[in-house]
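J.: One structure, as structure tokens, below. Some questions next.
What follows is calculated from the coordinates using simple rules that are stated; it is not laboratory data. This is a predicted model, so every value here is computed, not measured. Cβ atoms come from the backbone with ideal geometry, glycine included; neighbour counts cover every protein chain shown.
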Amino acid sequence: MLWLALPAVAASAYYLLALIAALFWRREQRPATDRPRGVSVLKPVHGRDPRFYDALVSHARQDHPEFELLFGVSDPNDPALEDIHRLEREFPAVPIGVYAIATDAPNAKAGVLAELSRHARHPLLLVNDSDIRVEPDYLRTVIAPLEEATIGLVTCLYRAHAESWPSRAEALGIATEFAPSVMVARLLGVAEFALGSTMAFRAEDLRDMGGFEAIASYLADDYQLGAHICELGRRIEFSDVVVETDLGAGSWRGVWQHQLRWSRTIRVSRPSGYFGYAVTHATVWALVAFAAGQWPAGVVALAIRIAAGLAAGSILHDRAVSRLCWMMPLRDLFGFAVWCGGLFGNQVQWRGRRLKLRRDGKIDRH
């Protein structure tokens, strides 16, 4: 039965790599630039996310001499418009543009971004999710790496705020499972992906890659944007900034659908990476080791997994991780079920639509 301990040993090795990656993650911090260039912040909006207005205000209060906020909605009656117009009234000095955009792009978000980019008047563009909350030095710090010609895109890790137990479980997974996977990938030299929490890049590089139209058929627009910019010979840099998203008070059904969409999207975008995620399910492999009587392998796997999760939570400044560390094994079991579900099927729920994914990651319109 000794061979049944091997997956737990592999999981231990993976999370040991995660600990090493966390140790070196902030080895060199790049200061905020003192010669900031103008930035156009492009924000496609669909509905009102939890704490949406607070997220908007955090962008309007940026310590940056020249920036604009451009919002795009597909529905002219979108409830988010009320908050955006309130932002215009309360921050009259901030250039704000609001556009109702009809698009027939398979990925409506990318279609909206394509139109917003045509209205942008600054040489640097920044895209992030509508519910992202940031600090006042966010723009200055995030764009600083773009002063280096070889860097084509800057992205950020993120933590999540949650108000229900299902959402807390999802937030814990983001901090202790997803973030370590990003750190390990970077440690091993996998560097062609970006995160939708923040993507800062040059307008000229966007034009050279064919604009957002080049990725409008893919569901994973953030991954594709990073991959396309890498194809230009540029590299992707992670900023020291950590931003915050808001999961609100989601239900178990909602969390399952969200996580399943994420899993299936990763599977079709990076199949080898997705199948490699099998090794990350330390709790499952620890239970297998326990069932085989290989207790040392199981205990070590769980201990290193929890230590790596706590280290990642520290980097994300996520206080909930230390409070909820007892939930990590339970969250792992839920995550394993999601991973198994992601192995099969090609349909996902996204923004109220049921989409079918092709094997190349594109949205099937038929």
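J.: Pairs of Cα atoms under 8 Å, at least six residues apart: use those to get the relative contact order of the chain, whole percent.
T.: 24
J.: Just the number, please: percent antiparallel of the DSSP beta bridges in the chain, rounded to the nearest 5.
T.: That works out to approximately 40 percent antiparallel.
J.: Stretched out fully, how many nm does the piece from E148 to V279 gain, at 0.36 nm a residue minus the Cα gap? Each step should come with its number before you reach the end.
T.: Values: separation 131, 0.36 × 131 = 47.16 nm, distance 3.58 nm.
So the chain would gain 43.6 nm between E148 and V279.
J.: What is the angle, in °, between the Cα long axis of helix 221-231 and the longest principal axis of the Cα atoms in the chain? Nearest 10 is fine, range 0 to 90.
T.: 80
J.: Which far-off residues, 5 or more places away or on another chain, put their amide H under 5 Å from the one on D240, with H placed in the peptide plane?
T.: Under 5 Å from the amide H of D240 lie the amide H atoms of R30, each far enough along the sequence or on another chain.
J.: Sticking with this one: I'd like the FRET efficiency for A60 and D364, computed as 1/(1 + (r/R0)^6) with the beta carbon distance as r and R0 of 41 Å, rounded to 0.05.
T.: Values: r = 39 Å, r/R0 = 0.95.
Result of the calculation: an efficiency of 0.60.
J.: Roughly how big is segment 122-187's charge dipole about its Cα centre, with Cβ charges of +1 (Lys, Arg) and -1 (Asp, Glu), in debye to the nearest 20? Walk me through the numbers before you get to the answer.
T.: Values: 5 positive and 9 negative charges, 21 e Å.
It works out to roughly 100 debye.
J.: Whole Å is fine, so just give me how far the alpha carbon centre of segment 243-322 lies from that of segment 159-233.
T.: 18
J.: Residue by residue, what Karplus-based ³J(HN,Hα) values in Hz, rounded to whole numbers, does segment 277-290 have, using 6.51, -1.76 and 1.60 with θ = phi - 60° and x for Gly and Pro?
T.: Here the 3J(HN,Hα) series is 4, 3, 6, 7, 8, 4, 5, 4, 6, 5, 5, 4, 5, 4 Hz.
J.: With a ≥ b ≥ c the root eigenvalues of the C-alpha gyration tensor of the chain, is it rounded (a/c under 1.5), prolate (a/b larger than b/c) or oblate? Write out the running numbers ahead of the final one.
T.: Values: a/c = 1.74, a/b = 1.58, b/c = 1.10.
Prolate shape, in that a/c is at least 1.5 and a/b is the bigger ratio.
J.: On a 0 to 90° scale, report how tilted helix 80-90 is relative to the longest principal axis of the chain, with both axes built from alpha carbons and the result rounded to the nearest 10.
T.: 60
J.: Could you run the Karplus curve 6.51 cos²θ - 1.76 cosθ + 1.60 with θ = phi - 60° over segment 324-339 and give me ³J(HN,Hα) per residue in whole Hz, x for Gly and Pro?
T.: Per residue, the Karplus-derived 3J(HN,Hα) values read 10, 4, 5, 7, 4, x, 5, 5, 4, 5, 5, x, 5, 5, 5, 4 Hz.
J.: Shifting gears a bit: List every residue whose amide H lies under 5 Å from the amide H of R235, counting only residues 5 or more places away in sequence or on a different chain, with H placed 1.01 Å from N in the peptide plane.
T.: Amide H neighbours of R235: I151, G152, L153.
J.: Any chance you could give the angle, 0 to 90 degrees and rounded to 10, that helix 108-119 forms with the longest Cα principal axis of the chain?
T.: Around 40 degrees separate the two axes.
J.: Classify segment 55-152 as rounded, prolate or oblate from the Cα gyration tensor: take a ≥ b ≥ c as the square roots of its eigenvalues, call it rounded if a/c is under 1.5, otherwise prolate when a/b beats b/c and oblate if not.
T.: Working: a/c = 2.02, a/b = 1.22, b/c = 1.66.
Oblate, since a/c reaches 1.5 and b/c is not below a/b.
J.: Once you sort the root eigenvalues of the Cα gyration tensor of segment 72-122 as a ≥ b ≥ c, which label holds: rounded (a/c under 1.5), prolate (a/b larger than b/c) or oblate (the other case)?
T.: Numbers: a/c = 3.55, a/b = 1.46, b/c = 2.43.
Verdict is oblate for segment 72-122.
J.: Nearest 0.05, what FRET efficiency do A307 and N77 give at R0 = 41 Å with Cβ-Cβ as r?
T.: On the way: r = 49 Å, r/R0 = 1.21.
The computed FRET efficiency comes out at 0.25.
J.: Whole-Hz Karplus ³J(HN,Hα) for segment 141-148, in order, using 6.51 cos²θ - 1.76 cosθ + 1.60 and θ = phi - 60°, x for Gly and Pro?
T.: 6, 5, 7, 3, x, 6, 5, 8
J.: Treating only the Cβ of Lys, Arg, Asp and Glu as charged (+1, +1, -1, -1), what charge dipole size does the chain show about its Cα centre? Round to the nearest 20 debye.
T.: Details: 40 positive and 40 negative charges, 208 e Å.
Magnitude of the dipole: close to 1000 debye.
J.: Evaluate E = 1/(1 + (r/R0)^6) for E204 and D137, where r is the Cβ-Cβ distance and R0 equals 30 Å; express this FRET efficiency to the nearest 0.05.
T.: Details: r = 25 Å, r/R0 = 0.84.
In this case the efficiency is close to 0.75.
J.: Report, by chain and number, residues whose modeled amide H sits under 5 Å from the one on G250, excluding near sequence neighbours (fewer than 5 apart, same chain).
T.: E163, S164, S167
J.: Would you mind calculating the gained length between E163 and V190 on full extension (0.36 nm times residue separation, minus the Cα-Cα distance), in nm to one decimal? If you can, show how the numbers build up before the last one.
T.: Working: separation 27, 0.36 × 27 = 9.72 nm, distance 3.35 nm.
Contour length minus Cα-Cα distance gives 6.4 nm.
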